[in-house]
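For reference, the structure discussed in these notes is given below.
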Amino acid sequence: GGVPRAVRSPVVVGMASCAGRRVYARGMTVRQFYALDAEPRLRETFDSIGLDEARKKERFAFFAYYAEVDADGSGEVSLDEFYASYGIEPTRFTDRVFTYFDLDDSRELSAQEFIVGIWNFCTFSVARMCQFSLNIFDAEKLGTINRYQCDALVRMVYNTDETPEHLVPVVQRMASPNDPTGEMDVEQFSHFISEHMELLAPAFDLQTRLRSRLFGQGFWKSLTDRRTADFGELASAEDILLRKRREVAAEDRKLKTRRTKGGRTHMRINPDMLDSRSKSALLDSRVEDEDLQGVPNQSEPDSGKPSDVDSEAGSEDENIYKVEGMLSERQQAALQAYTTVTRLEHQFASAMGQFREREIAMYNRKGEKHLISKERLQESIDSYNELATEAAKLKHTFQVAVNDLHVFGAESLQETERQQYVQCIAEVDEICSAWFESKEGKIYLKMVSKEHALQMTDGGNRFGMVSKAELAAGQKRARDEYISKKGKERAEEIAERFVQLQEKHKQRINSLVKTYNLMLEEYEEAVVKWQWQRLHDDESDEAYFTCPGMGVIVWMEPFLFNVAGICEDTACDNQATRRCATCNHEYCADCDMIVHAYGAAQNHTLRMDIPVEETEWREKVQTLPKHLRSAVTKSICVDGIEVTRRQLLAQQSHDAALEVESGD
């Protein structure tokens, strides 16, 4: 409610007062420049971050801080000015923080970028800090981080070439028996960091220094609480600003609609052009949003309230592909795929649950093999394999159905949209024809028809009169204009609704793929062929790794963090040839010798040449398109059901090839 104590303190007020008298830019003091130039431009920004009109003192103080950093009055804050002003030691992490503030990548901060950036970083909760840190390494926007990336993150945060010794075992705790890579999403990573705050200690220390220097801890706690209450735990600064811009744009459109009622002229609807025209209108209404964000429009973040898409399309289980009347082949295929996916989802989830229970039981009994008879042990293994085979077959059928729904569902929605456009034309003509026969419609035509007739005849004769033919032409133009306007309104409603339905369809497919570890068709062939798989050797009771595309087997876990194969010394561009298993780094031969010649690194004895199989594999996957390369190199396939599914597919292909050969 009230102004935080830190803002009312004499120190801050004195600073703002002194800054207000200093000549800042264009011969004006800071206060004059703020009132005449900056305040109108920053008004929307301040509203967005929770500093409304009632908090004018804080608004000016925020700009005064910016002016204090911008010592040369250039209107931009350079990287050097930023670091020097706050006594920040330049590191790779602080560079990332500055880059995050620099929304237009100019390496200079405007007043808006400074304010939004400082507010964003200083209102980070633990979850938001983790999301920011995760995004540094999540180049493919997968929303996950593994232990190798966390290790690199720790080195970046601490500005060291190797992970501090006391943190190495902490990072390794991310791994588990079922997932050696330790891959976590934002929620899991936030929980992990909450228990091990030391991993990101320098990041939180930087936040504390900025908070203390700017306004004080109490001020930022109030804004952090307000941000969470208004926008949710993980809403990004871009989404928050975008939401405010949408609200402003919506108000502007309402005002514009009231002011220009009936004032525009349009051609009558052309059925062939209706689709593109209506979509263009929607795109035009989003231009301001996209200019602000710099990327294509995205859905609103989850803030605890149902989104527009949810309210229009219903829950995840709602059949958005259902169509009244006669169905085309695509619409029938979409409905069939939806029914199949709904049925198989529960069956596969049940089979997967049974397999996971048996897998955990097998793992827990690993150390008790000597206490179990060979017969019972073999029965347990056979049961495990049967469950894996059953779940693998269900997964394959389920995955095919999801792929069908992915393709046919999108095509069905597009076809239904086109049908509704055509239907809308007939409905609008019928509704408008009936309206023109009403008293209100006749008055409208009488009033507008003469105006059009006068425009078409340059004002009529010298007495302002028009002929019957001219009046009839004016009436036709008035009717066409009205029908066109109503038709466009209906078309825009249809277009907006189907944009929401397509987004709902996309979210549903992504949810299925992520929840059940499925693959879309475009990824299937490349991932199955080139992703490393972890298998188990019964004789030695050890894991080994294979890549089907290369037909090779290795007994040491492939190293995925440095897929490009470049020496990790920042000053070296050579190919990496040596690996240190102690610090998880790869260097060329020269850099490896130099790095391990002094300090604690001298004790790193687990160093070896990178296996030839891995080097050849890296060369192969570098030729794949970026999105496929990301899917292949994201992790090693360790899931028992997925590995079994791939083995069944390979066996089917082998059997089919034998049948062809025997037939020949």
Worksheet item: Just for segment 443-492: of the residues that are small (G, A, S), surrounded by 19 or more Cβ atoms within 10 Å (Cβ to Cβ) and at pLDDT 75 or above, which one is nearest to A426 (Cα to Cα)?
Response: G487
Item to complete: Among the helices (runs of 4 or more DSSP H) lying completely within segment 1-48, list those that include at least 2 residues that are farther than 20 Å from R226 by Cα, at pLDDT 70 or above and open to solvent by 30 Å² or more (accessible area, probe 1.4 Å).
Response: 30-33, 39-48
Worksheet entry | Among (1) surrounded by 16 or more Cβ atoms within 10 Å (Cβ to Cβ); (2) in contact with a Ser or Thr (Cβ under 9 Å, 6 or more places away or on another chain) - the single one T397 does not satisfy | (1)
Worksheet entry | Complete set of residues in segment 400-442 that are among the aromatic types (F, W, Y) and open to solvent by 30 Å² or more (accessible area, probe 1.4 Å) | F408, W435
Practice prompt. Only residues in segment 213-228 that are under 19 Å from A64 (Cα atoms) count as the first member; pair them with residues that are open to solvent by 50 Å² or more (accessible area, probe 1.4 Å), Cβ under 8 angstrom, at least 6 apart or cross-chain, and list the lot.
Written response: G216/R5; Q217/T208
Worksheet item: Of the numbered conditions (1) exposed (fewer than 14 other Cβ atoms within 10 Å of the Cβ); (2) farther than 30 Å from T342 by Cβ, E525 satisfies every one except a single condition; which is it?
Response: (2)
Item to complete: Would you confirm whether any residue within segment 630-644 is at pLDDT 85 or above and open to solvent by 60 Å² or more (accessible area, probe 1.4 Å)?
Response: no
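When you scan segment 525-537, how many residues do you find that are over 22 Å from V400 (Cα atoms), assigned to a strand (DSSP E or B) and not aliphatic (A, V, I, L, M)?
Result for segment 525-537: 3.
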Worksheet item: Only one of these conditions is not met by V309: (1) modelled with pLDDT under 85; (2) in a helix (DSSP H, G or I); (3) farther than 27 Å from D239 by Cα. Which number is it?
Response: (3)
Discussion item. Can you confirm whether V612 is of a type in the set (V, I, T), open to solvent by 70 Å² or more (accessible area, probe 1.4 Å) and over 20 Å from Q575 (Cα atoms)?
Written reply: no
Item to complete: Could you please find all residues in segment 493-521 being closer than 30 Å to V643 by Cα and open to solvent by less than 60 Å² (accessible area, probe 1.4 Å)?
Response: H505, R508, I509, S511, L512, V513, Y516, L518, M519, L520
Fill in: Enumeration of residues in segment 122-143 that are open to solvent by 20 Å² or more (accessible area, probe 1.4 Å), of a type outside the set (D, E, K, R) and within 24 Å of V563 (Cα to Cα)
Q131, N135, I136, F137, A139, L142, G143
Worksheet, complete the sentence: Of (1) open to solvent by 80 Å² or more (accessible area, probe 1.4 Å); (2) farther than 23 Å from L518 by Cβ; (3) modelled with pLDDT of 50 or more; (4) not polar (S, T, N, Q), V323 fails just (1)
Worksheet item: Within segment 650-657, is there a residue that is under 30 Å from A589 (Cβ atoms) and open to solvent by 30 Å² or more (accessible area, probe 1.4 Å)?
Response: no
Worksheet item: If you scan segment 40-87, which residues turn out to be under 24 Å from E238 (Cβ atoms) and aliphatic (A, V, I, L, M)?
Response: L42, I49, L51, V69, V77, L79
Item to complete: Kindly indicate the residue of segment 180-211 that is more than 24 Å from the chain's Cα centre (by Cα) and charged (D, E, K, R) and also surrounded by the most Cβ atoms within 10 Å (Cβ to Cβ) among those meeting that condition.
Response: R211
Response to the item:
Residue set A571, A526, A543; condition at pLDDT below 85 and of a type in the set (A, V, I, L, M); output residue A571
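The values are calculated or read from the model by the stated rules, or taken from the named source; none is laboratory data. Quantities reported herein were computed from a predicted structural model and do not represent experimental measurements. Note that we place each Cβ from the backbone using ideal geometry, even for glycine, and neighbour counts take in every protein chain shown. Note: accessible area is taken over every heavy atom of the protein model, side chains too, but ligands, DNA and RNA are not part of it. Shrake-Rupley method; radii C 1.70, N 1.55, O 1.52, S 1.80 Å.
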